[in-house]
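A short worksheet on the structure shown next.
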Amino acid sequence: MSGARAVLVLNSGSSSLKYQLIDISTERVLANGLVERIGETAASLKHTVAGAAGADEDHRSEHPVADMGEAFSAMIAAFDAFGPSLRENAPVVVGHRVVHGGKRFFGPTVVTDLVKINIEDLADLAPLHNPANLAGIEAAQKVFADVPHVAVFDTAFHSTLPAAAYTYAIDAELAEKNRVRRYGFHGTSHKYVSEQTAEFLGRPLAELKTIVLHLGNGASACAVDGGRSVETSMGMTPLEGLVMGTRSGDLDPAVLIYLNRKLGLSFAELDAELNRKSGLLGLSGRGDMRDVVDAAAAGDEPARLALDVYAHRVKQYVGAYIAQLGGADAIVFTAGVGENSAPVRALALAGLEALGIRLDPARNTASRERGARRISSDDSAVEVLVVPTNEELEIARQSLSVL
Ligand code: ADP
């Protein structure tokens with residue numbers, strides 16, 4: 001059997017490696033997998049081979065994986081043991097998710113030594129992500145030495161932000177010298193979802209004003225005007241903006257100064273506090289929205305408040321982005337919470353009828369349907385949609401586009 005031409009998409013984090021092998025001609029996922037807890041005593045591996053008619057085969061195991069190089073060996077071993085064959089479905093390109101591209105990268109970029117130096121140089125802006133992404137690129141280049149590697153940056157789609165949106169009102173020279181400005185993240189998802197929205201509505205992307213709400217573990221909103229990102233809620237780092245699973249989102253910066261002065265909390269402690277112990281987790285003791293929704297429904301007060309704060313913030317951004325765009329044609333929910341949580345969607349858009357935003361409760365709660373769907377009522381002036389994101393497919397498409 002002759003195999004498919006494929007793209008291998010990689011997302012390497014500080015302790016995990018996610019991969020997907022995608023057939024170029026059909027855009028079908030041939031296999032995907034996850035190596036988690038790299039560097040701990042037992043890492044867990046999951047390798048899923050796509051079967052006919054959606055009958056996927058999962059293979060799981062646990063054993064120590066010391067570093068990114070060993071994670072790649074484990075991935076290759078899984079392909080060898082369970083298929084599909086990487087010889088028959090040899091990747092023609094390897095696409096890498098890279099979190100921070102700063103001002104330098106505004107599109108998919110073939111990885112060269114100079115590109116790697118630049119990714120490393122941006123590590124002070126994304127200390128948790130860029131070094132891990134770079135380690136993934138280097139490990140992958142050893143294993144797949146004969147194919148091009150392409151970096152696809154989370155920030156790239158937001159390179160079209162106007163200066164008024166990306167500039168913080170602080171000392172201009174201090175900001176310029178230290179690259180302090182808003183960059184935005186989740187760009188691959190915002191781009192993919194805004195394009196899918198135009199396709200679903202059967203309207204030209206160039207004419208559409210869309211607000212994309214990417215609500216996953218991390219969460220961000222994006223105002224897209226004619227296919228260009230013009231405003232987004234994450235800033236210099238992914239901490240700004242919406243309330244997230246464990247991140248606070250927007251906060252008066254003086255809170256940090258106050259806690260430092262009053263309790264002597266170090267900046268490392270404050271960093272951990274805001275990135276890992278805040279958001280839904282900080283408010284309710286639960287970082288997963290499913291648990292928060294269930295607990296709130298059962299009468300748990302902190303969970304109720306967490307849900308209210310979360311929805312209040314989403315609504316605030318929707319209002320702000322309608323103002324920035326001068327009106328919106330569509331509001332689109334995506335990612336884990338956005339695609340799956342009818343209560344969160346209803347709460348976030350409640351009371352916006354005066355702005356022409358009207359959900360249809362039955363459409364909102366109906367359906368385990370896959371694919372894009374409308375959840376607004378027929379008399380809603382603004383279309384409200386659920387559009388599943390697919391960052392891996394977008395990375396695969398962009399990686400192929402530069403070959
Ligand atoms: P990531 O940002 O890690 O890619 P996802 O987009 O997969 O995350 O979103 C994961 C989150 O989605 C989970 O933490 C969970 O809170 C939320 N989620 C998934 N399914 C549901 C659901 N049915 N109801 C509410 N939240 C959900």
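Residues that are within 16 Å of the ligand (Cβ to nearest atom), among the polar types (S, T, N, Q) and not in a loop (DSSP other than H, G, I, E, B) within the range 326-378 comprise Thr334, Asn340, Asn364, Thr365, listed in sequence order. Across the range 270-290, the qualifying residues are those that are surrounded by fewer than 17 Cβ atoms within 10 Å (Cβ to Cβ) and within 10 Å of the ligand (Cβ to nearest atom), and the one among them that is farthest from Gly241 (Cα to Cα) is Arg290. The set of residues in the range 303-325 being within 16 Å of the ligand (Cβ to nearest atom) and of a type outside the set (Ser, Thr, Tyr) consists of Ala303, Arg304, Ala306, Leu307, Asp308, Val309, Ala311, Arg313, Val314. Scanning the range 184-199 finds one or more residues that are open to solvent by less than 10 Å² (accessible area, probe 1.4 Å), of a type outside the set (Val, Ile, Thr) and in contact with a Pro (Cβ under 6 Å, 6 or more places away or on another chain). Identify all residues within the range 6-34 that are of a type in the set (A, V, I, L, M), open to solvent by less than 20 Å² (accessible area, probe 1.4 Å) and in contact with a His (Cβ under 9 Å, 6 or more places away or on another chain); write none if there are none. Within the range 6-34, Val9, Leu10, Ala31 qualify. I'm checking my understanding of the structure. Among residues of the range 141-166 that are in a helix (DSSP H, G or I) and more than 22 Å from the chain's Cα centre (by Cα), which one is surrounded by the fewest Cβ atoms within 10 Å (Cβ to Cβ)? If we take residues in the range 141-166 being in a helix (DSSP H, G or I) and more than 22 Å from the chain's Cα centre (by Cα), then Ala163 is surrounded by the fewest Cβ atoms within 10 Å (Cβ to Cβ).
To keep it simple, each residue is scored yes or no on (1) touching a residue at least 40 places away in the same chain (Cβ under 8 Å); (2) not aliphatic (A, V, I, L, M).
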residue: Ala295; (1), (2): no, no
residue: Gly326; (1), (2): yes, yes
residue: Leu349; (1), (2): no, no
residue: Glu353; (1), (2): no, yes
residue: Ile357; (1), (2): no, no
residue: Ser380; (1), (2): no, yes
residue: Glu391; (1), (2): yes, yes
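Pairs meeting the criteria (first residue in the range 206-220 and under 15 Å from Glu231 (Cβ atoms) and open to solvent by 10 Å² or more (accessible area, probe 1.4 Å), second residue of a type in the set (A, V, I, L, M) and more than 16 Å from the ligand (Cβ to nearest atom), beta carbons under 8 Å, at least 6 apart or on different chains) are Lys209/Ala223; Lys209/Val224; Lys209/Leu325; Lys209/Ala328; Lys209/Ala330.
What do you reckon, is Thr237 out of contact with any Pro (no Cβ under 9 Å at 6 or more places or on another chain) and open to solvent by 30 Å² or more (accessible area, probe 1.4 Å)? Yes.
Taking the range 60-88, which residues are out of contact with any helix residue (DSSP H, G or I) (no Cβ under 9 Å at 6 or more places or on another chain), surrounded by 15 or more Cβ atoms within 10 Å (Cβ to Cβ) and outside any helix (DSSP H, G or I)? Of everything in the range 60-88, those that are out of contact with any helix residue (DSSP H, G or I) (no Cβ under 9 Å at 6 or more places or on another chain), surrounded by 15 or more Cβ atoms within 10 Å (Cβ to Cβ) and outside any helix (DSSP H, G or I) turn out to be Gly83, Pro84. Kindly indicate which of Ala53, Ala31 is over 30 Å from Met236 (Cα atoms), among the hydrophobic types (A, V, I, L, M, F, W, C) and touching a residue at least 40 places away in the same chain (Cβ under 8 Å). Going through Ala53, Ala31 in turn, just one is over 30 Å from Met236 (Cα atoms), among the hydrophobic types (A, V, I, L, M, F, W, C) and touching a residue at least 40 places away in the same chain (Cβ under 8 Å): Ala31. Going by the structure shown, is Leu114 within 19 Å of Ser73 (Cβ to Cβ), out of contact with any strand residue (DSSP E or B) (no Cβ under 6 Å at 6 or more places or on another chain), of a type in the set (A, V, I, L, M) and modelled with pLDDT of 95 or more? No: the conditions fail for Leu114.
Yes/no per residue for (1) closer than 30 Å to Lys277 by Cβ; (2) hydrophobic (A, V, I, L, M, F, W, C):
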| residue | (1), (2) |
| --- | --- |
| Asn178 | yes, no |
| Arg182 | yes, no |
| Lys191 | no, no |
| Ala206 | no, yes |
| Gly241 | yes, no |
| Asp252 | yes, no |
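Scanning for something in a loop (DSSP other than H, G, I, E, B), more than 16 Å from the ligand (Cβ to nearest atom), open to solvent by less than 60 Å² (accessible area, probe 1.4 Å) and of a type in the set (Asp, Glu), does the range 381-388 turn up at least one residue? No: the range 381-388 contains no residue that is in a loop (DSSP other than H, G, I, E, B), more than 16 Å from the ligand (Cβ to nearest atom), open to solvent by less than 60 Å² (accessible area, probe 1.4 Å) and of a type in the set (Asp, Glu).
Here is a yes/no grid of residues against (1) over 15 Å from the mean Cα position of the chain (by Cα); (2) farther than 22 Å from Gly285 by Cβ:
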position	(1), (2)
Ala221	no, yes
Asp225	yes, yes
Arg228	yes, yes
Met244	no, no
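Selection over the range 338-353 of residues that are open to solvent by 20 Å² or more (accessible area, probe 1.4 Å), over 15 Å from Gln316 (Cα atoms) and not acidic (Asp, Glu) gives a count of 2. A residue that is within 28 Å of Arg397 (Cα to Cα) and within 16 Å of the ligand (Cβ to nearest atom) occurs somewhere in the range 202-212. For the range 92-117, the tally of residues that are more than 23 Å from Leu393 (Cβ to Cβ), open to solvent by 20 Å² or more (accessible area, probe 1.4 Å) and not acidic (Asp, Glu) stands at 6. When Leu251, Leu259, Leu265 are screened for being more than 12 Å from the ligand (Cβ to nearest atom), open to solvent by 50 Å² or more (accessible area, probe 1.4 Å) and on the phi < 0 side of the Ramachandran plot, only Leu251 passes.
The values are calculated or read from the model by the stated rules, or taken from the named source; none is laboratory data. Here the structure is a predicted model, which is why all the values come from computation and not from measurement. Using ideal geometry, Cβ is built from the backbone for each residue, glycine included, and neighbour counts are taken over all protein chains shown. For the accessible areas, the whole protein counts, side chains as well, though only heavy atoms, and no ligand, DNA or RNA atoms are used. Shrake-Rupley method; radii C 1.70, N 1.55, O 1.52, S 1.80 Å.
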